[in-house]
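The values are calculated or read from the model by the stated rules, or taken from the named source; none is laboratory data. Only a predicted model underlies this, so the values are computations on that prediction, with no experimental measurement involved. Backbone-built Cβ (ideal geometry, glycine too); neighbour counts: all protein chains shown.
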Amino acid sequence: MITTLSISSVVFVGDIVEYAKKLSAYSDSNVKLLIQLGALNLPKMLMEILPFAFLFGGMLWTIRVNKNRELLIMRTSGLSLIKISIPIFISSFLVGVCFVFIFSPLISATQKKIQKIELEKLGKPINSLLVSNSGFWLKQGHDEGSEVIFAKKLDTKSMNLIDVIVFRFDKDNYVKEKIKADSANLSKAHWYFNNTKFISNNGEVFKKEKFKIKTTVTSSQIREGFSNPETVSLWSLYSFIKMFEKAGFSTNKHRLHLYKLIFFPLLLAGMAILGVSFNLNAISKKSLNLGLFYMIIIGFVIFYFTKLISALAISGKIGLILSAFLPSLLPIFFALFFIIQADEK
């Protein structure tokens, strides 16, 4: 708890500074809004923070029990270092399970709230995609308003929409007009519509062979399904993946996020006993500082290794399950190595 709160406070301040830079160009930015955004982003950052909080927490626990000679008493009473580490492993694993089931849905809710604030306060366009049995719904926003595009069919390879209906909204979310088109194609930051029919609010109808609408949507965004994995609740993530795969979209990011959530308790448990495994036999301040230095180095290695294999997994170079499992396996492997080595001394 001490290490989690300490690292969280540093990350919270860093987030406030980052949001202050983003909001510096807006006159309505204030401290209350900065604190709100920082607090809303904190649950997401906990997924990055907790493994290292448990790593340092395990290290502090080892320092404390060594200082009070509690570890020496446990070992002289016949307990091996592996048996001493088991309760820490189990309790860390249970904390990870609680985090996945409680905080994961909270993360999706807070990330959606951040997007809503960015839309209202910053005017940042938010694009979204929905797949249903009737077809595809695409929403895109911009400074002048927004458009909701419906298509019965979507070819993700050619980015071609078939049987299209477009509802155009102004800044106040009032419908300006309705557009029907036989087809539409995404190219060079524009939607190009063919054989279009315009229907105004007064019921006036006129036709136009070609028509285009500016967009910030890219073909890669459509193929990936728009939604960030963090904005999808744990309870609906699997069904989301199945639905989008059936529609022909790439779900590598979402599958990787799901597998990371599954292995997250194991990652926390591994990082906790990795922290415990350092300096089990430290008898001097010099060896203690050296162990702390090694722990920080290994912590950074695991962090960057996780980022690297995640990028490789999303690009299809390695398996998604393997890339989610390896960051959990490495700390356990290192921890067992150090614990067995210390137990033999």
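With respect to (1) modelled with pLDDT of 85 or more; (2) within 20 Å of Y294 (Cβ to Cβ), the lone exception for F93 is condition (2). Go through the residues of segment 206-215 one by one and say whether even a single one is outside the structural domain of S108 (by TED's automatic domain parsing), on the phi > 0 side of the Ramachandran plot and not in a strand (DSSP E or B). No.
In segment 253-265, the residues that are among the polar types (S, T, N, Q) form no Cβ pair under 9 Å with any partner that is part of a helix (DSSP H, G or I), whether six or more places apart or across chains. Among the residues making up segment 59-73, those that are in a helix (DSSP H, G or I) and of a type in the set (K, R) are R64, K67.
For segment 10-26, check the following and say yes or no: at least one residue is in a helix (DSSP H, G or I), in contact (Cβ under 8 Å) with a residue 40 or more places away in the chain and either outside the structural domain of M271 (by TED's automatic domain parsing) or among the acidic types (D, E) (or both). Scanning segment 10-26 turns up at least one residue that is in a helix (DSSP H, G or I), in contact (Cβ under 8 Å) with a residue 40 or more places away in the chain and either outside the structural domain of M271 (by TED's automatic domain parsing) or among the acidic types (D, E) (or both).
For segment 305-312, the count of residues that are assigned to a helix (DSSP H, G or I) and charged (D, E, K, R) is at least one. Modelled with pLDDT of 75 or more and either part of a helix (DSSP H, G or I) or in the same structural domain as L71 (by TED's automatic domain parsing) (or both), is that true of K317? So K317 fits the description; yes.
Okay, residues lined up against (1) more than 24 Å from S9 (Cβ to Cβ); (2) in contact with a helix residue (DSSP H, G or I) (Cβ under 7 Å, 6 or more places away or on another chain):
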position: F54; (1), (2): no, yes
position: I73; (1), (2): yes, no
position: L79; (1), (2): yes, no
position: F101; (1), (2): yes, no
position: K112; (1), (2): yes, yes
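I'd like to verify a number: residues in segment 75-90 that are in contact with a Lys or Arg (Cβ under 9 Å, 6 or more places away or on another chain) and modelled with pLDDT under 85, how many?
Matching residues across segment 75-90 total 1.
Within the set A272, A324, the sole residue that is part of a helix (DSSP H, G or I), at pLDDT 90 or above and surrounded by 15 or more Cβ atoms within 10 Å (Cβ to Cβ) turns out to be A272.
Identify, by number, the condition in (1) part of a helix (DSSP H, G or I); (2) within 21 Å of I273 (Cβ to Cβ); (3) without any contact (Cβ under 8 Å) to a residue 24 or more places away in the chain that V97 doesn't meet. For V97, the exception is condition (3). Among the residues here, F338 does not qualify as under 22 Å from M45 (Cβ atoms), modelled with pLDDT under 85, in contact with a helix residue (DSSP H, G or I) (Cβ under 9 Å, 6 or more places away or on another chain) and assigned by TED's automatic domain parsing to the domain that holds G58.
In segment 194-246, the qualifying residues are those that are of a type in the set (F, W, Y) and in contact with a Gly (Cβ under 9 Å, 6 or more places away or on another chain), and the one that is modelled with the lowest pLDDT is F244.
One residue alone among D163, D155, D172 is at pLDDT 85 or above and either out of contact with any helix residue (DSSP H, G or I) (no Cβ under 9 Å at 6 or more places or on another chain) or surrounded by 14 or more Cβ atoms within 10 Å (Cβ to Cβ) (or both), and that residue is D163. Kindly indicate the residue of segment 56-71 that is polar (S, T, N, Q) and farther than 30 Å from F12 by Cα and also surrounded by the most Cβ atoms within 10 Å (Cβ to Cβ) among those meeting that condition. Here the residue is N66.
Kindly evaluate I7 against the criterion of being over 30 Å from S277 (Cβ atoms) and in a helix (DSSP H, G or I). Considered against the rule, which asks whether it is over 30 Å from S277 (Cβ atoms) and in a helix (DSSP H, G or I), I7 comes out as no.
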